[in-house]
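The values are calculated or read from the model by the stated rules, or taken from the named source; none is laboratory data. Values in this document were obtained by computation on a predicted structure and should not be read as measured data. When we count neighbours, we look across all protein chains shown, and the Cβ atoms used for this are built from the backbone with ideal geometry, even at glycine.
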Amino acid sequence: MCMTGRTSATMGAMNKRELAKAVAVQADVELKTVVAVLDGFTDVVTAVVAKGVEPVSIPGFAKFVKVDRPARMGRNPATGEAIRIKASKKARITPVKAFKDAVLAPAKAPKLAKGAYPTVDAAVAAAGKSTAPAAAKAPAKKATTARRAPAKKATTARRAPAKKAATARRAPAKKATTARRAPAKKATTARRATRR
């Protein structure tokens, strides 16, 4: 639990409060705002799906639908007797392909901000209290990206001449070693001939 300033250590399902804290840290929004948005979200989705007129679809996440199931015949598993099952209405929540892919391959899942999960109380307290508004942060990121590009080009240009110089130094060393070995063999052969 997050009550004592430690990270979340619950092993069960994430409850509404923990979800609100994680979203507050991830979106950098105050916790009160996130709780209000989650309440509004559940109210709207529940009301629209309860009417049964149209499904609620959130691209990349899930589809919420009210399904009418017609009356049908079934079997009592204990006796094997045929029984009539009356018509019913069910709520169906279907995960969308992008959500399933992210769950099955965690590398495709979105990256969370530090302290979002497991939630850290300090990160939750700091959420939504940044000095600059979110709109002012976007241009600063673009300027940072522009500064990095020229530095990469200059680094590549510096490396190329160093490789050429290293290759040129190796070739003369091999030629000098070969030249020293040949006279040594000739001298040994000449000494053997004089001894005989």
Restricting the range 113-144 to residues that are modelled with pLDDT under 60 and not aliphatic (A, V, I, L, M), the one surrounded by the most Cβ atoms within 10 Å (Cβ to Cβ) turns out to be K137
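Sort out which residues of the range 23-74 are in a strand (DSSP E or B) and closer than 21 Å to I93 by Cβ, and write them in order of number.
Looking only at the range 23-74, we keep the residues that are in a strand (DSSP E or B), and these are 56-58, 62-69, 72-74.
Within the range 23-74, V56, S57, I58, A62, K63, F64, V65, K66, V67, D68, R69 meet the criteria.
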Inside the range 75-117, can you point out the residues that are part of a loop (DSSP other than H, G, I, E, B), closer than 29 Å to G52 by Cβ and over 37 Å from the mean Cα position of the chain (by Cα)? K86, A87
